[in-house]
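Participant: Below you will find the structure I want to go over with you.
The values are calculated or read from the model by the stated rules, or taken from the named source; none is laboratory data. This one's a predicted model, so the numbers in the text were calculated from it and none came from an experiment. Counting neighbours? That spans all protein chains shown, and the Cβs are built from the backbone with ideal geometry, glycine included. Accessible surface is based on the protein model in full, side chains and every heavy atom, while ligands, DNA and RNA are left aside. Shrake-Rupley method; radii C 1.70, N 1.55, O 1.52, S 1.80 Å.
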Amino acid sequence: MSQAIIQIDCNNFYASCEQMIDPSLRGKGVVILSNNDGCIISRSSEVRKLGIPMGIPYYKIKQKLNRLNIAVRSSNFELYGDLSNRLMDILKESCEELEIYSIDEAFASITRPKDQNLNPWAKQLRALVYQNIGIPISIGIGNSKVQSKVANHIAKIIEKNAGIFDIGIIQNKDNYLNLIEIEKVWGVGREMSKWFRRR
């Protein structure tokens, strides 16, 4: 039986944490500001859809956020760290191996069942995480870390996948890979992307 590489990523982590502790924010646009309320460092999905960029200084967009009735929160790293620890404990129990990559992201490995289908396992894991900490996650499955990162990106952009995508069992991967710009591929920087595009 083959081994699959999984990439698990929290959706809009800091904003999701704030929506979890304050139910009045669920379904509402939320932005999180950096230390000293300098720049936007996290946006809920509702804010992303409005095209408000990441990293923009708060003073430049304050009036627009007020006009759009978007909630603004100062960062609470103690809360985010606590929820991250709880998340990683759940993942350790659910995966054969776990490599924590950042506060809201981890790589894991798991043996595929005989039918190769890891969707039931992934659905159960998403439900378990949401039930225990109230944070939505996306799960990308592939045969390498790069494939799993690509699969996670696809899981987020194709709604019918419900936050899960397994590129490892897809025969013709090109249809899906064509959805992603080369710059979005993990490990491909600005200069390397120019090199790829020239060729």
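Participant: Consider GLU18 carefully, then state whether it is open to solvent by less than 80 Å² (accessible area, probe 1.4 Å) and either within 16 Å of TYR130 (Cα to Cα) or in a strand (DSSP E or B) (or both).
Facilitator: yes
Participant: I would also like to ask the following. Inspect the stretch 63-73 for any residue being closer than 22 Å to ILE103 by Cα and touching a strand residue (DSSP E or B) at 6+ places or on another chain (Cβ under 8 Å) and give the result as yes or no.
Facilitator: yes
Participant: Scan the stretch 92-102 and give yes if some residue there is open to solvent by 60 Å² or more (accessible area, probe 1.4 Å), in a helix (DSSP H, G or I) and of a type in the set (Phe, Trp, Tyr), otherwise no.
Facilitator: Scanning the stretch 92-102 turns up no residue that is open to solvent by 60 Å² or more (accessible area, probe 1.4 Å), in a helix (DSSP H, G or I) and of a type in the set (Phe, Trp, Tyr).
Participant: Sticking with this structure for a sec: Can you find a residue that is open to solvent by 60 Å² or more (accessible area, probe 1.4 Å) and either touching a helix residue (DSSP H, G or I) at 6+ places or on another chain (Cβ under 7 Å) or of a type in the set (S, T, N, Q) (or both) anywhere in the stretch 146-157?
Facilitator: yes
Participant: Let me ask another. Somewhere in the stretch 46-55, is a residue hydrophobic (A, V, I, L, M, F, W, C), open to solvent by 60 Å² or more (accessible area, probe 1.4 Å), farther than 20 Å from GLY163 by Cα and touching a residue at least 40 places away in the same chain (Cβ under 8 Å)?
Facilitator: There is no residue in the stretch 46-55 that is hydrophobic (A, V, I, L, M, F, W, C), open to solvent by 60 Å² or more (accessible area, probe 1.4 Å), farther than 20 Å from GLY163 by Cα and touching a residue at least 40 places away in the same chain (Cβ under 8 Å).
Participant: For the stretch 21-41, give me each residue that is open to solvent by less than 10 Å² (accessible area, probe 1.4 Å) and either closer than 17 Å to ILE103 by Cβ or assigned to a strand (DSSP E or B) (or both).
Facilitator: Residues satisfying the conditions are VAL30, VAL31, ILE32, LEU33, ILE40.
Participant: Return a yes/no flag: does the stretch 131-141 have any residue that is over 26 Å from PRO23 (Cβ atoms) and either at pLDDT below 95 or out of contact with any His (no Cβ under 9 Å at 6 or more places or on another chain) (or both).
Facilitator: Within the stretch 131-141, one or more residues are over 26 Å from PRO23 (Cβ atoms) and either at pLDDT below 95 or out of contact with any His (no Cβ under 9 Å at 6 or more places or on another chain) (or both).
Participant: Are any of the residues in the stretch 94-117 over 15 Å from the mean Cα position of the chain (by Cα), farther than 16 Å from GLY168 by Cβ and in contact (Cβ under 8 Å) with a residue 24 or more places away in the chain?
Facilitator: Yes, the conditions are met somewhere in the stretch 94-117.
Participant: OK, next. In the stretch 158-187, what residues are aromatic (Phe, Trp, Tyr) and open to solvent by 80 Å² or more (accessible area, probe 1.4 Å)?
Facilitator: Selection gives TRP186 alone.
Participant: Could you list, in sequence order, the residues of the stretch 103-145 that are among the small types (Gly, Ala, Ser) and surrounded by fewer than 18 Cβ atoms within 10 Å (Cβ to Cβ)?
Facilitator: Within the stretch 103-145, SER109, ALA127, GLY134, SER144 qualify.
Participant: Between residues in the stretch 71-87 that are touching a residue at least 12 places away in the same chain (Cβ under 8 Å) and under 26 Å from ILE61 (Cβ atoms) and residues that are open to solvent by 80 Å² or more (accessible area, probe 1.4 Å) and assigned to a helix (DSSP H, G or I), which pairs lie under 7 Å by C-beta distance while being six or more apart or on different chains?
Facilitator: What qualifies is SER75/ASN35; LEU79/ILE21.
Participant: Go through the residues of the stretch 107-120 one by one and say whether even a single one is of a type in the set (Val, Ile, Thr), in contact with a Pro (Cβ under 8 Å, 6 or more places away or on another chain) and in a strand (DSSP E or B).
Facilitator: No, the stretch 107-120 has no match at all.
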